[in-house]
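Just below is one structure, and these are the notes that go with it.
Just so it is clear, none of the values below were taken in a lab; they were calculated from the coordinates. As the structure is a prediction and not an experimental result, all values here were calculated from the model. Every residue, glycine as well, gets a Cβ built from its backbone with ideal geometry; the counts of neighbours run over all protein chains shown.
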Amino acid sequence: MVNKQKVYGLLGLCTKAGKIAFGTESCIDIINRRKAKLVILAEDSAQRTIDSFTILCKEKNIEMKIFGNKEDISKAIGQVNKAIIAIKDKNFADAILKIINGGEIIG
């Protein structure tokens, strides 16, 4: 089972460190400039959004995960109604991926 609270905590730290982009336009820009290390889409995102970002991330060889919902993600980063975020720091991205992929079960 994924510890969602740990992921949301890391997203909050990422935001405070200035290593995150959110919103469609900002994330597309970061992905196109190959600055994104991880892209996270909310589970309740529009299917069209999920499809377009899946294609874009595959083209640019950037890891993408569908995780959480808009409300929880937005709350974690201190924003309102954000369905997509891009992590710009490799260490934060690796830590978040480890938790999402079930690598950190204890704790």
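I need the full set of residues from region 17-53 which are of a type in the set (Val, Ile, Thr) and either under 17 Å from residue 87 (Cβ atoms) or assigned to a loop (DSSP other than H, G, I, E, B) (or both), in order please. Full working, then the answer.
Filtering region 17-53 down to residues of a type in the set (Val, Ile, Thr) leaves 20, 24, 28, 30-31, 39-40, 49-50.
Scanning region 17-53 gives 20, 24, 28, 30, 31, 39, 40.
Does residue 48 meet the test of being in contact with a helix residue (DSSP H, G or I) (Cβ under 7 Å, 6 or more places away or on another chain), surrounded by fewer than 13 Cβ atoms within 10 Å (Cβ to Cβ), without any contact (Cβ under 8 Å) to a residue 40 or more places away in the chain and not hydrophobic (A, V, I, L, M, F, W, C)?
When the stated conditions are applied, residue 48 does not pass them.
For the list (1) of a type in the set (D, E, K, R); (2) within 11 Å of the chain's Cα centre (by Cα); (3) assigned to a helix (DSSP H, G or I), I need the number of the one condition that residue 59 fails.
Status for residue 59: all satisfied but (2).
Test of understanding: among 19, 88, 98, 82, which residue is loosely packed, with under 15 Cβ neighbours inside 10 Å and of a type in the set (D, E, K, R)?
After ruling out the rest, the residue left standing is 98.
In this structure, does residue 68 turn out to be under 14 Å from the mean Cα position of the chain (by Cα), on the phi > 0 side of the Ramachandran plot and touching a residue at least 12 places away in the same chain (Cβ under 8 Å)?
For residue 68, the condition - under 14 Å from the mean Cα position of the chain (by Cα), on the phi > 0 side of the Ramachandran plot and touching a residue at least 12 places away in the same chain (Cβ under 8 Å) - is met.
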